[in-house]
Amino acid sequence: MSASHDKFQQIEIISRKDYSPDLWSIRVRVEETLVFKPGQYATLGVERGGRLIQRAYSIVSSPLENEMEFFFELVPQGELTPLLFELQVGQKIWMRRQAKGLFTLDGRSGHSKHFFLCTVTGVAPYVSIMRSLALDAENAQPASLQIVLIQAASRSWEFAYREELEKLGGKIEGFHYVPSVSRPWEDTAWGGEVGRVEDIARKYLDSFNLVPASTTAYLCGHPQMIENCKGIFGRKGFAKESVREEIYWVPSKPTEVKA
Ligand SMILES: Cc1cc2nc3c(=O)[nH]c(=O)nc-3n(C[C@H](O)[C@H](O)[C@H](O)COP(=O)(O)OP(=O)(O)OC[C@H]3O[C@@H](n4cnc5c(N)ncnc54)[C@H](O)[C@@H]3O)c2cc1C
């Protein structure tokens, strides 16, 4: 299938930032504003050989910004990310005219505490939510929320939004950002938290008193982290509807070895 103009629009890359050999973000100019809620995703695509290769990407920017932003991880064996990785400022890609997704801030349960957990690029929807709260706060008094965000990455240079999130921590009352390095032996200068999300989730549940009665948990990114954390929240007494998830990929099944 090639891209049809009624379903897709072309968006132009206006800036690109590389954080490591396989992590980068872009900001894009759109033809037509995409209506979305912080936490939702867009479908991006590149045409190759008369076919549109499309995948879902959480939107990093807030709906209150004029440009849109995305944060990518290169999957060397993947179909789309090697094509996206080649693209530079001035080039165009396709974006579906409709945003999707239910991974938004829980406004239904009445919970005042929100526990955000993610691996590397899974920080994207949370950046959108936090930017939106910060931009809104300039006009209106923010609701009294407590938000704890844990992001784990192998090494600290993979925390692309660390500086911004730390600043937002100083600006938005009740927001705490905890970056955690899971391979400290590969990043000996790191002096912060260490461990994978699932290694430290219980500690922060307890230290911030994130009890099931008043907390919604959100899991975004690596499928195994999500599976492990769902077990932790289940054992802590969280109801299924209080644990939201955005699984970024389905692990490919190991090829069956025939005898
Ligand atoms: C709702 C949603 C939001 C998403 N948001 C983002 C985002 O903000 N940023 C982002 O980079 N990705 C995001 N993804 C993942 C994205 O949609 C693609 O799956 C990813 O970019 C890989 O695409 P690809 O075509 O290069 O690889 P594919 O051809 O789709 O996959 C090739 C193989 O690699 C595996 N794989 C896919 N991704 C990874 C990975 N990251 N690490 C290890 N193995 C992997 C697949 O299981 C498959 O076996 C999101 C996915 C969903 C469902």
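Which whole-percent values make up P(r) of region 127-219 when all C-alpha to C-alpha distances are grouped in 5 Å steps starting at zero?
Calculated over all Cα pairs of region 127-219, the distribution is 3, 12, 22, 21, 20, 13, 6, 2, 0 percent.
Placing +1 at every Lys and Arg Cβ and -1 at every Asp and Glu Cβ, with all other atoms neutral, what dipole size does the chain have around its Cα centre, in debye to the nearest 20? The partial results should precede the final answer.
Numbers: 31 positive and 32 negative charges, 134 e Å.
Using only the charged Cβ atoms, the result is roughly 640 debye.
Can you pull a Stokes-Einstein diffusion coefficient for region 24-65 at 4 °C (1.567 mPa s), Rh from Kirkwood over Cα pairs, as a whole number of µm²/s?
Diffusion coefficient, whole number: 109 µm²/s.
Across bins of 10 angstrom width beginning at 0, how are the C-alpha pair distances of the chain distributed, in whole percent?
Final binned percentages: 7, 29, 35, 22, 7, 1, 0.
Using only helices, what value at 222 nm comes out for the chain when you add -39,500 (n - 2.57) per DSSP H run of length 4 or more and divide by the total residues, to the nearest 500 deg cm²/dmol?
Calculated at 222 nm, the ellipticity per residue is -6500 deg cm²/dmol.
Over the chain, what is the percentage of antiparallel beta bridges among all DSSP beta bridges, to the nearest 5?
In the chain, DSSP labels about 55 percent of beta bridges as antiparallel.
Cα atoms only: what Rg and Dmax, in Å, come out for region 23-158?
16.0, 51
Would you grab the residues whose amide H sits under 5 Å from the one on Ala217? Only those 5+ places off in sequence or on another chain, please, with H modelled 1.01 Å from N.
The answer is Phe115, Val243, Arg244.
Cut-off is 10 Å between beta-carbons; in what order do Leu145, Leu102 appear when sorted fewest neighbours first?
Details: Leu145 15, Leu102 10.
In increasing order of surrounding Cβ atoms, one gets Leu102, Leu145.
If you take the C-alpha gyration tensor of region 105-259, multiply each eigenvalue by 5 and take the square root, what semi-axes do you get, largest first, in whole Å?
Taking √(5λ) for each Cα gyration eigenvalue gives 27, 20, 15 Å.
How high is the FRET efficiency between Gln224 and Ser144 when r is their beta carbon distance and R₀ equals 30 Å, given to the nearest 0.05?
On the way: r = 34 Å, r/R0 = 1.15.
According to the calculation, E is roughly 0.30.
Over region 8-96, what number does the Rg to Rh ratio reach, with both radii from the alpha-carbon atoms and Rh per Kirkwood? Don't skip to the answer; put the middle values down first.
On the way: Rg = 12.3 Å, Rh = 13.2 Å.
Across region 8-96, the Cα-based Rg/Rh ratio is 0.93.
Going toward the positive end of the dipole of the chain, with +1 on Lys and Arg Cβ and -1 on Asp and Glu Cβ, which of Gln10, Leu149, Phe115 do you reach last?
Value computed over the given set: Phe115.
Excluding residues on the same chain fewer than 8 positions from Lys113, give the lysines whose Cα lies under 17 Å from its Cα.
List returned: Lys203, Lys236, Lys240.
Describe numerically, in nm with one decimal, the distance between label points set 7 Å from Cα along Cα→Cβ at Asp22 and at His176.
3.2
Readers should treat all values here as calculations from the given coordinates under stated rules, not as data from a laboratory. These numbers were taken from a predicted model, which means no experiment stands behind them. In this analysis, Cβ positions are derived from the backbone assuming ideal geometry, glycine residues included, and neighbour counts consider all displayed protein chains.
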